[in-house]
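What follows is one structure encoded as structure tokens, with my remarks underneath.
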2 protein chains.
Amino acid sequence: MLIEEVAKLSGVSRSTVSRVINNDPNVKESTRARIKEVIRKVNYRPNSVARGLASGRTRIIGLVLPTAQSSLFTDPYYPRLIQGITAVCNARDYSVMLWLTNPEQEQNKIHQLVSDSLLDGMVIASYLIDDPILEALTKAGLPFLLIGRHPTRTDLSYLDADNFQGAREAVVHLLRLGRCRVATITGPNNMIAGIDRREGYEHAFHERGMSPDPALIVEGDFSESGGYTSMMRLIPQNPDAVFVASDTMAVGALRALRESGKRIPEDVAVVGFDDIPSAAHMDPPLTTVRQSIQGMGQLAAETLIQIVNEGTAPPHRLVLPTELVIRSSSGLCMDLIGQ
Amino acid sequence: MLIEEVAKLSGVSRSTVSRVINNDPNVKESTRARIKEVIRKVNYRPNSVARGLASGRTRIIGLVLPTAQSSLFTDPYYPRLIQGITAVCNARDYSVMLWLTNPEQEQNKIHQLVSDSLLDGMVIASYLIDDPILEALTKAGLPFLLIGRHPTRTDLSYLDADNFQGAREAVVHLLRLGRCRVATITGPNNMIAGIDRREGYEHAFHERGMSPDPALIVEGDFSESGGYTSMMRLIPQNPDAVFVASDTMAVGALRALRESGKRIPEDVAVVGFDDIPSAAHMDPPLTTVRQSIQGMGQLAAETLIQIVNEGTAPPHRLVLPTELVIRSSSGLCMDLIGQ
DNA sequence: TAAAAAATTGGGACCGCTCCCAATATTAGA
DNA sequence: TCTAATATTGGGAGCGGTCCCAATTTTTTA
């Protein structure tokens, strides 16, 4: 079924049908109703490829995720992000195209996408974006949004959780509970989220005029086994608490602590980051910093769609709040005592 | 940069450039080389929307996943599937479009996609596909592939793991170890994977002239908390082993067993299904049935692309083998004794 | 009631490719 | 060396919409 046929059946020209399809107000109400009825009756749907070619807008947004990330799909992070983004896109009648790229392909792939004019915009959740690519993106005029702030460039739109504050609060919580050898397993040092959380950790010390012992800082990789390995390296330093930069790593850290005969939280208090669904069921239930990844995905999609439709405004920099969720892995908490 | 400009720079017509782009053999080698050089130099990339409109093929395949599934993204199943599919599509220069739909939207959405001619084919991993949709898909002539066999229709192409054999072997293993009250936590009864695994469980009994006690069969929902709840319901029946239809549920089941003071495997042996990455790190390490979900995704993409390019052959029915991975949650195993 | 303004509608010109068929160049056969 | 066959190439006609501008209708205004 073509627009021309719908036009014939409605007794109008294809232009008028096109107007109805695109919600152009310049159509007489009675005409619009008649056409809509025909469209409904014959179940007409405009060919989106043709629309895309003619209008220059495809209503497709691209989502680029790094596949190198070992935690890519064992950690619910990306799945949640995807869920948030697709939910909004579905509702707004946008389609989502997905690319999982490893670093070698990534540059080439993004270039390709940019010059392909298949996309109206893209969400880039990769953390290893080098400047040439950003340059290409900017020059191509393709709207894009980073998930996770860019370490240096401030002229780009991004969305991020408040990693610094979240980490800071977690560590303040541990210090307040009287822990004095608070260690941390950080994220990768080349990921901004890892860096920001470590800085939040450090800041919590500085606020009290203290400095963390460098021996208590170990880099992790956001994976479960990475958490285990890092914790094993940390144990000889006798920490009495550890802030782990992701819940998935915390799972590994808990395992390492158990195997070493440490009691949690008596010997070592543990705080994670993310509040993944299983955090509440861990042994013991994990105190953690909650971030709404799905919410971030939703906001990302909404923001990008807005940019696409309203032209590029000044860069959007959106930072979502986090929330410390206190469970038993960090020690006695008032709620429990009350019961 | 348009094809016409490339043609001008190469001193040929756009037709010849088009031939080179599409690897048409009817081009003189010297001409082809010259054009390729120009393309490289000016970094020309054909507009895929225009190609799609002109050729009727977009090189985009759709992937439809059910979002209702509570385990959607806590279980690594779908992420892995996505990873497998995108890997192959990337390599073959296809793009993947993703839809996460809930049952209410699903029907409407698929209809929309079908009549939109944006897709060359689709992979449908949803389990609640009703006949009208399948009819629409078939009638539209859009190639599609189901992940998970259809319960009744045998004329459709699908890809599935050998759920029946995998479950059967798991239960045979438990029975051979001398367990006599082998329970099971099944998948949802409306998912074919859940049904096939339960039938494998039952068959293992029948092979030995036995029948499972119906009280030892409890339906689960493939989620961690579902596994916990189901196990709690099972414990009063005094099982000495349990076959859990997914590792994620097994996590919950282990938790329930621990809380009830049961030793694993001494009191209750446990076998899962999937072999998720954390299975080897559980306490105790989980015996489970391994299936390569990523491999399934890859094969799905390859098969669909083949169907798209070579026309619809007789329906493809591909069943991938599973493998029993014996760890300690199911009891003593020879490997361990040997050490 | 006629002219002016505003609201609708129609139709040609693309969007940037592919594809078919006719035209031209090249090679082989006699 | 000339003709037939074969290999290359060119160009028109779409693919199915959108969009602009001119034409037509309807509504206002004087």
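Would you check which residues across segment B:266-302 are open to solvent by less than 10 Å² (accessible area, probe 1.4 Å) and more than 13 Å from chain A (Cβ to nearest Cβ) and list them?
Of everything in segment B:266-302, those that are open to solvent by less than 10 Å² (accessible area, probe 1.4 Å) and more than 13 Å from chain A (Cβ to nearest Cβ) turn out to be B:V268, B:A269, B:V270, B:V271, B:G272, B:F273, B:L286, B:T287, B:T288, B:V289, B:M296, B:A300.
For segment A:89-180, list the helices (runs of 4 or more DSSP H) that sit wholly inside it and hold at least 2 residues that are at pLDDT below 95 and farther than 30 Å from B:L63 by Cα; which are they? I'd like the intermediate steps shown before the answer.
Values: elements: A:103-114, A:131-140, A:163-176.
Fully inside segment A:89-180 and qualifying: A:131-140.
Of everything in segment B:25-49 that's of a type in the set (A, V, I, L, M) and within 14 Å of chain A (Cβ to nearest Cβ), which residue is nearest to DNA strand D (Cβ to nearest atom)?
B:V49
So which residues in segment B:11-24 are under 38 Å from the mean Cα position of the chain (by Cα) and more than 7 Å from DNA strand D (Cβ to nearest atom), if there are any at all?
Narrowing segment B:11-24 to residues under 38 Å from the mean Cα position of the chain (by Cα): B:18-24.
Answer for segment B:11-24, where residues must be under 38 Å from the mean Cα position of the chain (by Cα) and more than 7 Å from DNA strand D (Cβ to nearest atom): B:S18, B:V20, B:I21, B:N22, B:N23, B:D24.
Only one of A:I124, A:I110, A:I133, A:I192 is over 19 Å from the mean Cα position of the chain (by Cα) and among the β-branched types (V, I, T). Can you tell me which?
Sole residue among the options that is over 19 Å from the mean Cα position of the chain (by Cα) and among the β-branched types (V, I, T): A:I133.
Does any residue of segment A:34-51 turn out to be near DNA strand C (Cβ under 7 Å from one of its atoms) and open to solvent by 100 Å² or more (accessible area, probe 1.4 Å)?
Checking segment A:34-51: not a single residue is near DNA strand C (Cβ under 7 Å from one of its atoms) and open to solvent by 100 Å² or more (accessible area, probe 1.4 Å).
What residue, of A:M122, A:M97, is in contact with a Gly (Cβ under 6 Å, 6 or more places away or on another chain), open to solvent by less than 10 Å² (accessible area, probe 1.4 Å) and free of Cβ contacts under 8 Å to residues at least 60 places away in the same chain?
Unique residue meeting the criteria: A:M97.
(1) open to solvent by 50 Å² or more (accessible area, probe 1.4 Å); (2) away from every other protein chain (no Cβ under 14 Å): which one isn't true of A:R80, the others all being true?
Just one mismatch for A:R80, condition (2).
Output the residues belonging to segment A:13-32 that are open to solvent by less than 60 Å² (accessible area, probe 1.4 Å), of a type in the set (G, A, S) and either under 30 Å from A:I124 (Cα atoms) or free of Cβ contacts under 8 Å to residues at least 12 places away in the same chain (or both).
Listed by number, the residues that qualify are A:S13, A:S15.
Residues that are over 25 Å from the mean Cα position of the chain (by Cα), open to solvent by 30 Å² or more (accessible area, probe 1.4 Å) and away from chain A (no Cβ under 14 Å): does segment B:242-259 have at least one?
Keep residues of segment B:242-259 that are over 25 Å from the mean Cα position of the chain (by Cα), which gives B:254-259.
Right, trim to open to solvent by 30 Å² or more (accessible area, probe 1.4 Å) and you get B:255, B:258-259.
Then drop every residue that is not away from chain A (no Cβ under 14 Å), which leaves none.
Within segment B:242-259, not a single residue is over 25 Å from the mean Cα position of the chain (by Cα), open to solvent by 30 Å² or more (accessible area, probe 1.4 Å) and away from chain A (no Cβ under 14 Å).
Of the conditions (1) touching a strand residue (DSSP E or B) at 6+ places or on another chain (Cβ under 8 Å); (2) under 22 Å from B:P66 (Cβ atoms); (3) open to solvent by 20 Å² or more (accessible area, probe 1.4 Å), B:A140 fails just one. Which one is it?
Tallying (1) touching a strand residue (DSSP E or B) at 6+ places or on another chain (Cβ under 8 Å); (2) under 22 Å from B:P66 (Cβ atoms); (3) open to solvent by 20 Å² or more (accessible area, probe 1.4 Å), B:A140 fails exactly one: (1).
So that you can scan it fast, the table gives a plain yes or no per residue for (1) of a type outside the set (A, V, I, L, M); (2) at pLDDT below 95:
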{"residue": "A:S223", "(1), (2)": "yes, yes"}
{"residue": "A:S260", "(1), (2)": "yes, no"}
{"residue": "A:V268", "(1), (2)": "no, no"}
{"residue": "A:V271", "(1), (2)": "no, no"}
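Given (1) near DNA strand D (Cβ under 9 Å from one of its atoms); (2) out of contact with any Ser or Thr (no Cβ under 6 Å at 6 or more places or on another chain), identify the lone condition not met by B:G52.
Here B:G52 clears every test but (2).
Just checking, how many residues over segment A:50-59 are in contact with a Gly (Cβ under 9 Å, 6 or more places away or on another chain) and either more than 14 Å from chain B (Cβ to nearest Cβ) or not in a helix (DSSP H, G or I) (or both)?
Going through segment A:50-59 one residue at a time, the tally reaches 2.
Return yes when A:G62 is within 16 Å of DNA strand D (Cβ to nearest atom), facing chain B (nearest Cβ under 9 Å) and either under 20 Å from B:L63 (Cα atoms) or surrounded by 22 or more Cβ atoms within 10 Å (Cβ to Cβ) (or both) and no when it is not.
No.
Quick one: B:R263 ticks every box in (1) open to solvent by less than 10 Å² (accessible area, probe 1.4 Å); (2) free of Cβ contacts under 8 Å to residues at least 12 places away in the same chain; (3) of a type outside the set (S, T, Y) bar one, so which box is it?
B:R263 satisfies all of (1) open to solvent by less than 10 Å² (accessible area, probe 1.4 Å); (2) free of Cβ contacts under 8 Å to residues at least 12 places away in the same chain; (3) of a type outside the set (S, T, Y) except (1).
The values are calculated or read from the model by the stated rules, or taken from the named source; none is laboratory data. Nothing here was measured: the structure is a model prediction, and the numbers come from that model. Here the Cβ is made from the backbone with ideal geometry for all residues, glycine too, and neighbour counts use every protein chain on show. What goes into the accessible areas is simple: the full protein's heavy atoms, side chains included, and nothing from ligands, DNA or RNA. Shrake-Rupley method; radii C 1.70, N 1.55, O 1.52, S 1.80 Å.
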